[in-house]
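The values are calculated or read from the model by the stated rules, or taken from the named source; none is laboratory data. Since this is a predicted model, take the numbers as computed values, not measurements. Cβ placement follows ideal geometry from the backbone for every residue including glycine, while neighbour counts extend to all protein chains displayed.
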Amino acid sequence: MAIRLKRSYKFAFRTAIFIVTFLTSLLGFFMWYKEVSDWLFLVVFALLSFGISFFVVQLRIEKFIYRRIKRIYDDVSLLESSSLSSRTVTTDMTTLTQEIEKFAQDKKVEIDTLKIREEYRKDFLGNVSHELKTPLFTVQGYLETLLDGALEDKNVRKKYLNRANKAVDRLIYIVKDLDLITKLEAGELNVNWEVFDIIELIKTNFELLEMKAAKKKIALTFDMEYEAPIYVRADAEKIQQVITNLLVNSIKYGHENGTTEISVENLIQNKVIVRVTDNGEGIPEQHIPRLFERFYRIDQSRNRNEGGSGLGLAIVKHIIEAHEERIYVESEEGIGSEFSFTLEKEIATEEESV
């Protein structure tokens with residue numbers, strides 16, 4: 001594609017005026033000194049000088065500046081995905097300055113983003129290493145103890161093998177969650193859209209987690225009696241996982257004899273919002289913005305003692321975003337937390353069921 005030049009006529013015009021003024025003044029003084037009064041000649045000389053000066057200055061600008069600017073464009077074009085390299089080469093200084101400044105700003109944003117990603121990558125690798133290292137070392141320790149002679153003792157053998165098996169289960173749990181979140185982030189996990197009763201799904205979750213909640217004497221309940229079904233359009237299996245993860249977190253960090261309450265409310269005409277509220281420990285305000293990061297833990301030692309992969313909330317966020325919905329969190333330390341997310345309401349199905 002031909003390269004067009006945006007000529008700097010203003011600069012050439014001003015320079016030509018300056019040259020003509022100087023030369024005409026010099027010639028006029030010389031003619032006055034020689035007592036020659038040919039004003040027509042002076043005017044013609046001024047016009048001719050202006051034309052020649054303007055042409056020469058503009059030509060020199062194009063040849064002298066263009067070569068250097070072209071080199072800048074060529075260098076920039078070596079940078080991948082450059083927005084500057086695809087533009088028309090220009091010798092206009094104002095336009096060029098604006099383009100270079102915008103290019104520099106865009107690159108600064110890219111560099112800052114890469115730095116953030118690099119820090120995130122380092123944190124992620126460190127967290128993965130730590131999460132996998134603990135159960136691996138546990139398994140290794142028990143197996144080495146058994147190989148060193150404890151294998152002959154039936155009671156010790158059974159106890160250590162059971163503990164090693166639990167550590168392996170934790171490894172499998174972490175790897176499965178890592179695989180799931182990788183697929184979610186890569187967009188490889190498809191959403192199987194279906195219409196289902198969200199109230200019935202929540203009741204199923206309550207039944208599955210009833211024993212876990214009973215150990216901490218935490219009541220799983222609705223905020224009210226839902227006599228009629230509430231139909232939503234989503235992936236039932238994945239939404240069940242979302243509710244399960246939120247309930248498990250609520251039980252894990254809830255106080256004994258506490259309560260975890262779920263409500264389903266109409267948000268707008270075609271949306272419902274599901275709220276999971278507890279009166280547990282609550283979350284310090286400074287940690288809330290990072291809650292949905294992979295492996296992020298508020299209290300490293302306490303959370304690891306509680307178990308889990310550290311990926312639950314990150315998975316919840318990705319599943320909800322895969323549905324093109326939003327998730328929210330409100331919490332106050334010592335009072336409790338509320339996680340809520342929106343879903344598409346299936347109005348037609350509800351009307352048909354009445």
Checklist entry - What number of residues within the range 275-298 satisfy the criterion of being in contact with an Asp or Glu (Cβ under 7 Å, 6 or more places away or on another chain) and at pLDDT below 85? => result 1
Checklist outcome for this item: Only unsatisfied item for Ile181, checking (1) free of Cβ contacts under 8 Å to residues at least 40 places away in the same chain; (2) not assigned by TED's automatic domain parsing to the domain that holds Ala322, is (1)
Checklist entry - Which of the following residues is surrounded by 14 or more Cβ atoms within 10 Å (Cβ to Cβ) and under 26 Å from the mean Cα position of the chain (by Cα): Gly254, Gly258, Gly282? => result Gly282
Checklist entry - Got a sec? Which strands (runs of 3 or more DSSP E) wholly within the range 192-273 have at least 1 residues that are of a type in the set (Gly, Ala, Ser)? => result 219-222, 231-234, 259-268
